[in-house]
1. Which number in (1) loosely packed, with under 13 Cβ neighbours inside 10 Å; (2) under 21 Å from residue 166 (Cβ atoms) marks the one condition that residue 213 misses?
2. Could you run through the stretch 228-247 and say how many residues are closer than 23 Å to residue 81 by Cβ and crowded, with 16+ Cβ neighbours inside 10 Å?
3. As an exercise: evaluate residue 114 against (1) within 23 Å of residue 183 (Cβ to Cβ); (2) out of contact with any helix residue (DSSP H, G or I) (no Cβ under 7 Å at 6 or more places or on another chain); (3) surrounded by 24 or more Cβ atoms within 10 Å (Cβ to Cβ) and give the number of the one condition it does not meet.
4. Just give me the residues in the stretch 187-210 being farther than 19 Å from residue 110 by Cα and aliphatic (A, V, I, L, M), in sequence order.
5. In the stretch 80-104, how many residues are within 11 Å of residue 167 (Cα to Cα) and not aliphatic (A, V, I, L, M)?
6. Just to check your reading of the model, which residue among 167, 152 is under 15 Å from the mean Cα position of the chain (by Cα), in a helix (DSSP H, G or I), among the small types (Gly, Ala, Ser) and within 22 Å of residue 242 (Cβ to Cβ)?
7. Go through the residues of the stretch 92-103 one by one and say whether even a single one is among the hydroxyl-bearing types (Ser, Thr, Tyr), assigned to a helix (DSSP H, G or I) and under 12 Å from the mean Cα position of the chain (by Cα).
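Laboratory data are not the source of any read-out in this text; all were calculated from the coordinates shown. The structure presented is a predicted model; accordingly, all values stated were derived computationally and were not measured. For neighbour counting, all protein chains shown are included, and Cβ atoms are generated from backbone atoms with ideal geometry for every residue, glycine included.
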Amino acid sequence: MKQLVTTAYGDVDEQQLVDRPAHERDMDLANEGTPMMRVPLTNKHEQNTPLRRRGMWVSDLGSFVRAWMADPLRVAAIVPSSRALAQMITAEITAASAPVIELGPGTGVFTRQLLARGIPEERLALVEYGSAFVQLLAYRFPAARVVWMDAAQLSSVCLFGGERAGAVVSGLPFLSMTPKQVMVILAEAFGYLRHDGAFYQFTYGLAGPVPRAVLDRLGLESVRVGRTLVNVPPAAVYRIRRRTRNR
């Protein structure tokens, strides 16, 4: 089944036809041929006071809990990522990294930090599988390209008119996936990356998020760039890149 997903509210000409996730096919959350409905959520222009930020966090927490209860293996966390983790996973990203793809952005914690790093909102592609998160992201980041789909099908859409991305930031729960699923997602993502581009992934585990066999199969290398205890649960960030020829 196909569904039309709006990439920017009030910009119907920029809608993109993508596969609607199978688990959402019986849910009337988007109507073909029309923009998704607006939802009464705090948008980016209203996030300028402590009270509003606190209210947004509470709203995000509720969204995560509901999403986790509906599909715990896919969401994997019941609270949004911390600001400390967002700063760490985006630490190496600059304006020169644009365009940037974010996989599994959820409520947009990493997205806001990408904007703070100098990535223009219109140079962001937010690829999300959960319908509730898609509506929230489209409202908060109206200039970004919000795509409702499985990251394993990334090559089926054209995000930036053929331009390669400088970075992919992933909030996907790799530890809950099979090695084959992880390999497919990485292969799809690196098909969009520039040769020197990097894929950033966080994990709650003690070891790296990608099995060695998968890295070897795809010719990739993984390096831990940091760990933060100020997250629930504590997390580490890894940078994944193509191996250089002399290694």
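1. (2)
2. Number of matching residues: 9.
3. The number of the failed condition is (1).
4. 187, 206, 207, 210
5. Residues meeting the conditions: 6.
6. 152
7. No: the stretch 92-103 contains no residue that is among the hydroxyl-bearing types (Ser, Thr, Tyr), assigned to a helix (DSSP H, G or I) and under 12 Å from the mean Cα position of the chain (by Cα).
Matching residues to (1) crowded, with 16+ Cβ neighbours inside 10 Å; (2) free of Cβ contacts under 8 Å to residues at least 12 places away in the same chain:
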| site | (1), (2) |
| --- | --- |
| 145 | yes, no |
| 161 | no, yes |
| 220 | yes, no |
| 223 | no, no |
